[in-house]
1. Show the residue pairs that are 6+ apart or on different chains and have beta-carbon atoms under 6 Å apart, the first residue being within segment 4-21 and within 16 Å of Gly32 (Cα to Cα) and open to solvent by less than 60 Å² (accessible area, probe 1.4 Å), the second being among the hydroxyl-bearing types (Ser, Thr, Tyr) and near the ligand (Cβ under 9 Å from one of its atoms).
2. Quick check, is Lys44 assigned to a helix (DSSP H, G or I), open to solvent by 100 Å² or more (accessible area, probe 1.4 Å) and in contact with a Phe, Trp or Tyr (Cβ under 8 Å, 6 or more places away or on another chain)?
3. Cβ-Cβ below 6 Å, separation at least six or inter-chain, first residue in segment 23-47 and aliphatic (A, V, I, L, M), second in a loop (DSSP other than H, G, I, E, B): which pairs?
Amino acid sequence: MTQSKCGAPTQSGRRCQNKAVVGTSRCAKHQGPWSAYGVAQRKKKEADAKMRKLRKKR
Ligand SMILES: [Zn+2]
């Protein structure tokens, strides 16, 4: 199988040049909320929110 490029539009208006993950048409960044990258980002956000709540309470 050949790896195609992601090609998703980026904020700069160009196409994403990352290689697509094997079996999908998008790279890890553009696979959506349930890609490894998306989950990691979500977990980070949740952890940040928790920390902020704890800080506010004290
Ligand atoms: Zn991409």
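1. Final answer for the pair search is Cys16/Thr10.
2. So Lys44 does not fit the description; no.
3. Ala28/Val21; Ala28/Ser35
The values are calculated or read from the model by the stated rules, or taken from the named source; none is laboratory data. Here the structure is a predicted model, which is why all the values come from computation and not from measurement. Neighbour counts are summed over all protein chains in view; Cβ atoms, including those assigned to glycine, are modelled from backbone coordinates with ideal geometry. Accessible surface is based on the protein model in full, side chains and every heavy atom, while ligands, DNA and RNA are left aside. Shrake-Rupley method; radii C 1.70, N 1.55, O 1.52, S 1.80 Å.
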